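Below: the structure, in C-alpha cells.
The values are calculated or read from the model by the stated rules, or taken from the named source; none is laboratory data. These numbers were taken from a predicted model, which means no experiment stands behind them. Cβ: placed from backbone, ideal geometry, glycine included. Neighbour counts: every protein chain shown. In case anyone asks, the SASA skips ligands and DNA or RNA and just uses the protein heavy atoms, side chains included. Shrake-Rupley method; radii C 1.70, N 1.55, O 1.52, S 1.80 Å.
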Amino acid sequence: MRKLRIAVIIIFIGAAALFAAYQVRTRIEADTEPPVITSDSDSVSVSVEGEESDVFQGLSAEDNVDGDITDDIRVASMSNFTDTGTRNITYVVFDSSNQAATLTRELVYSDYTPPRITLTEPLRFEVNDTEEWETSDFLQLFQATDCLDGDITSQIRMNIEGNGYIDGAGTYPITLQVNNSAGDVTSVPVEMTIVDPEDEQENEKYYPVLSQYIVYTKAGQSLSLGDYVTGLQRGSMVYEFDSPDMPEDLAGTEVSITDGTDYNTPGTYTAEFSYTPPEGVTATTKMTVVVEE
C-alpha cells in the first residue's frame, strides 16, 4: 500500500511539473503583439459613384505572426460630416489571435452634393381643399434624393411659419427640411398659395406652369429660367405652349420673369414668373432657386 501511495505522489508531481512547463511555454509562445494598419495618406478621396473597395486604397496591414493581412481590413465606423463632403472613417483588422488594430483618417467625397428636395407641381390650392388638409398629403407632392442614400423622400419634414393654421386665401411661407445619413441637412423655403374659387378676379388668372418649382445650381453658374416655363393654368385647365388647345388670344404672349438670384453667392432665392392675358388679371408663380457652394 505504501509503495502505491508513493507511486501516486510521484505521478501527481510529474503531472504538475508537466502542466507548469506547458503553461510557461504557452505564455512564452503566446502572440501578444497586435497587428498594425498603415496608410500612405491622412485622407482618402473617393467618388460617390465609386466602388465600396475605393475607401481602402492606400491601406496595408501586417501582423508579426500572420504576415500580410491587408485583405482582412474592414470599415468599423464612419462619422457624420465634419465639413461638407468630408467625414472620418475608422478601419479595423483582426489577427488569428483575435487581437485588433484600428486606424482613422479623413474620407473626402470628390463629387458630393447635398440632399435635394424637388417639386414638379405648383403649391396652389383652393380654400375648400384645405378643410381636411393633412401634412402627409402635402408632403407627397415633394421628392428628395441624396447622392449617398438615394431616395430619402420619407425623411422630408415641414414647418408652416406662424401658428401653422391655414385660415383662408393667401400665401403661407413653408420650410422643408431633409437630412441624409451623414448628418447633412438641406432646408428649402417655399410658399403655398391658397385661393378662393369664388373670387371673380382669381378665375380670370392664367398662372405660368413650370417643369420644376425648386431648382439647383452651383455658385457661378446661372440658369436660363425661361426654359422651365411649359404653359399656363387657369383653374383646373392646363394649356401647354406647344399644344393645339392653347387659346389663340393667349398665343404669343410672353411670361415675364423676375429673377432675384445672386448666382455667385450660395443661398436660397425666389424667382417670379408673371403672366397677364389681354385685358386680364396678372397671375404670378414662384420658383425657389438654390445656389450651392
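Tabulated data for the structure shown
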quantity	calculated
Amide proton proximity set for F241, modelled H, under 5 Å, gap of 5+	G231, L232
Area projected by the alpha carbon convex hull of the chain, averaged over all directions, nm²	28.1 nm²
Hz values of 3J(HN,Hα) by residue in the range 276-293 - Karplus curve (6.51, -1.76, 1.60), Gly and Pro given as x	10, x, x, 6, x, 9, 6, 10, 10, 10, 10, 10, 9, 10, 9, 9, 8, 5
Probe 1.4 Å, accessible area per residue of the range 145-293, Å²	53 Å²
Vicinal HN-Hα couplings computed from phi for the range 40-57 (Karplus, 6.51 cos²θ - 1.76 cosθ + 1.60; Hz; Gly/Pro x)	7, 7, 7, 8, 9, 10, 9, 8, 5, 9, x, 7, 4, 5, 4, 5, 9, 4
Antiparallel DSSP beta bridges within the chain, percent to nearest 5	85 percent
Cα-projected label distance for N88 with Y263, points at 7 Å along beta-carbon direction, nm	4.0 nm
Computed FRET value (nearest 0.05) for E33 with M78, which takes r as the C-beta separation and R₀ as 22 Å	0.20
Whole-number percent relative contact order across the chain, with pairs defined as alpha carbons under 8 Å at least 6 apart	13 percent
Qualifying chymotrypsin sites (Phe, Trp or Tyr not before Pro) in the range 187-227, DSSP loop, other Cβ atoms within 10 Å at most 15	none
P(r) tail fraction, the range 179-293 - alpha-carbon pairs more than 23 Å apart, %	38 percent
Backbone HN-Hα couplings from phi across the range 103-110 [Karplus 6.51/-1.76/1.60, Hz, Gly and Pro as x]	8, 10, 8, 7, 10, 10, 8, 5
Taking the convex hull of Cα positions in the range 232-293, its mean projected area over all directions (nm²)	5.4 nm²
The chain: calculated mean residue ellipticity at 222 nm from DSSP helix runs of at least 4, using -39500 (n - 2.57)	-4000 deg cm²/dmol
Apportionment of accessible area to carbon and sulfur, the chain, percent (1.4 Å)	47 percent
